[in-house]
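A short write-up of the structure that comes next.
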Amino acid sequence: MKALIIVDVQYDFLPGGALAVPDGDGIIPIINKISRDFDLVVATQDWHPDGHYSFASQHDGYEPFDQLELNGEVQTLWPEHCVQGSHGAAFSKDLDLKPVEAIFRKGTDLRIDSYSGFFDNQHKRTTALADYLKAKQVNEVFICGLATDVCVYFTALDALRENFRTRLIKNATKGLDEEAIDNAYRDVKKKGGELINY
Ligand code: VGL
Ligand code: ZN
């Protein structure tokens, strides 16, 4: 059984948003078309409490995209984005949510960031996405959405770790940084994932 995972198609990651992915909106019609072909479609939603530690504004002297060490891990600092209940955290109205059976929210712990739709960045807390998919007899996942080099990438890595056959749909994902996107593609392939165009 195959499932489509739609990652973070939220206003803050779209043009005009706080952490906009250039041309991020271009993938929405493609996702809407693809999602009709799947028996199971789920979505992830970045959903941070106000004052989340991943926000540069929480760290004196730091700017968005700077890095610092948090809980022993390197954390990239971001502009404030996807604050719970805000417009920026909402799914784009252009994304067809009708086929989406379940939504997995992440980044809800004030102190720990979560790029992957499966686990937080420290692999301490699960969203239960893997158990959900396994309970539905899913063994293959297709991943699309935003941003290729951040949440799509880490979701793909965890899907591989959870032993799903993992395909990343290149023409239905957009990223922030060209070099990071290339590295993400290469790493997903190296770890046994497949890159496809749909
Ligand atoms: C994301 C940075 C911070 C993403 C989420 O959805 O790719 N990127 N939070
Ligand atoms: Zn975030």
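Structure above, values below:
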{"read-out": "Summed residue charge, Cβ within 14 Å of Leu14's Cβ, Lys/Arg positive, Asp/Glu negative", "value": "-4"}
{"read-out": "Förster radius 35 Å - calculated FRET efficiency between Lys33 and Lys191, Cβ distance, rounded to 0.05", "value": "0.80"}
{"read-out": "Within the chain: Cβ-based charge dipole about Cα centre, in debye rounded to nearest 20 (Lys, Arg +1; Asp, Glu -1)", "value": "1040 debye"}
{"read-out": "Of all DSSP beta bridges in the chain, antiparallel share, percent nearest 5", "value": "20 percent"}
{"read-out": "Size of electric dipole in segment 21-73: Cβ of Lys, Arg +1 and of Asp, Glu -1, about Cα centre, debye, nearest 20", "value": "380 debye"}
{"read-out": "Over the chain: helical MRE at 222 nm, DSSP H runs n ≥ 4 each giving -39500 (n - 2.57), nearest 500", "value": "-5500 deg cm²/dmol"}
{"read-out": "Segments 4-15, 110-121, 168-179 sorted - mean Cβ within 10 Å per residue, highest first", "value": "4-15, 110-121, 168-179"}
{"read-out": "Euclidean distance of C-alpha centroids, segment 94-120 and segment 11-78, integer Å", "value": "10 Å"}
{"read-out": "Furthest towards positive pole of dipole, Asn197, Ala90, Gln122, structure part the chain, Cβ charges", "value": "Asn197"}
{"read-out": "Entries of Lys134/Lys190; Lys2/Lys93; Lys98/Lys124 with Cα pairs more than 29 Å apart", "value": "Lys98/Lys124"}
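Read-outs: derived from the displayed coordinates by stated rules, not from any lab. No experiment lies behind these values; they were computed from the predicted model shown. All Cβ positions, glycine included, derive from the backbone under ideal geometry; neighbour counts span all protein chains shown.
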